[in-house]
1. Under 14 Å from the Cβ of K155, count the other residues' Cβ atoms, weight Lys and Arg +1, Asp and Glu -1, and hand me the total.
2. Quick one: accessible surface of M36, probe radius 1.4 Å, all protein chains present, in square angstrom to the nearest 10.
3. So what does the Cα-only Debye profile of region 253-354 read at q = 0.21 Å⁻¹, as log10 I(q)/I(0), no solvent term?
4. Of the cross-linked pairs K284/K305; K108/K209; K276/K320, which ones have a Cα-Cα span greater than 22 Å in the structure shown?
5. For a quick check of your reading of the filter: which trypsin sites (Lys or Arg not before Pro) in region 274-354 sit in a DSSP loop and have no more than 10 other Cβ atoms within 10 Å?
6. In the chain, which whole DSSP H runs stretch at least 20 Å along their own axis (Cα) and average -0.5 or higher on the Kyte-Doolittle scale?
7. Filter the GluC sites (Glu not before Pro) in region 184-278 to those in DSSP coil with at most 16 other Cβ atoms within 10 Å of their Cβ, and list the result.
8. Kindly work out what percent of the DSSP beta bridges joining two residues of the chain are antiparallel, to the nearest 5.
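The values are calculated or read from the model by the stated rules, or taken from the named source; none is laboratory data. Since we're looking at a predicted model, the values are computed, not measured. Positions of Cβ are generated from backbone atoms using ideal geometry, with glycine treated the same way; all protein chains shown enter the neighbour counts. The area values use the complete protein model at the heavy-atom level, side chains included, leaving out ligands, DNA and RNA. Shrake-Rupley method; radii C 1.70, N 1.55, O 1.52, S 1.80 Å.
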Amino acid sequence: MKKYNFNAGPSILSQFAIEETAKAILDFNGSGLSLMEVSHRSKEFDAVLNETVELFKEVLGVPEGYQVLFLGGGASLQFCMVPYNLLNRKAAYLNTGTWANKAMKEAKLFGEVVEVASSKDDNYTHIPKDYVIPADADYFHITTNNTIFGTEIRKDLDSPVPLVADMSSDIFSRPMDVSKYGLIYGGAQKNLSCAGVAFVVVREDLLGKVERPIPSMLDYRIHIKNNSMFNTPPCVPVFTALQTLKWLKATGGVESMQRRNQAKADLLYAAIDNSKLFRGTAAKEDRSVMNVCFVMQEGCEAYEKPFLEFAQSRGMVGIKGHRSVGGFRASIYNAMDLEGVQALVDCIADFEKTV
Ligand SMILES: *Cc1c(COP(=O)(O)O)cnc(C)c1O
């Protein structure tokens, strides 16, 4: 039976990226060696890293003055690296969910953290809109897509201070104006690669302004100077990221992804809104195009388990909701095609016929 992968992360990758990685794991570049057993300092791997950086810049539209890094430690290490490198006295954070909280917790180790607004009181079902960003903050941090709660900031905000964004789960899902950001980071395992690497896009002139000494491994300038090879980079995840970028470019880039993603999300949200059993949890204007959260309507709770079993029997994988929301979550990242979303929509409709 065909499996439809709605996992939140690590999550679906294009068939192209999986197959090319599998081939390189068996024989990298016709070398007779596996990608897993070649030197990261070899000419061949150096070319992979450089091409990944160049294609990342091209597909996302990264302007002059920015550096792209591939680092270990996931997005979670960036929760600490960002303030380590950028926070002198005060930073502003928008609290839109679990990941934003984790980012704030680390920043508090380095200085004052101003929570400009929070949607905690409604269990993060909306994105706060009215808030003031302190003009004397070193930066303003947002989480563009709240993977757990299914809300998303889908436009590039204006900020009087450098804007820092955790884009772990919506990078490359739409065209964006990178010049509006001071720093963008994320774990690759949602929309770019397998687990093991994080990406960082940083405006270089923001660095070198904090007073504290920074350990080498946590200093962006060291990684920039060494072209992400200060130590051994996660070679296989970087290679897979390159394949995803090639696939993205061949599919029409971020403009085409935006159209595809919107069509997928519209189809699934419409099915949920028109259903007599389910309802979406996020405020309509803030709904994520990547993670669709939905629960049983009041009085229908008894159908939750049967629906999960029904969906599993139809090949749906990973739709159980996160414990902080309950119900269901379908992650429909770039690599999920419309046909997969249609299969889930059909599954919802067919289940409704059985009750
Ligand atoms: C998954 C996720 C993270 C955590 O990423 P790790 O690579 O596991 O550290 C952080 N932020 C967001 C928005 C995520 O979706």
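1. Result for the neighbourhood of K155: -2.
2. Ignoring ligands and nucleic acids, M36 comes out at about 130 Å².
3. Reported log10 I(q)/I(0), two decimals: -1.12.
4. Violating the 22 Å limit, Cα to Cα: K284/K305.
5. Hits after loop and neighbour filter: K276, R323.
6. 43-60, 235-250, 338-354
7. In loop regions of region 184-278 (DSSP not H, G, I, E or B), the sparsely surrounded GluC sites (Glu not before Pro) are E211.
8. The antiparallel proportion sits near 55 percent.
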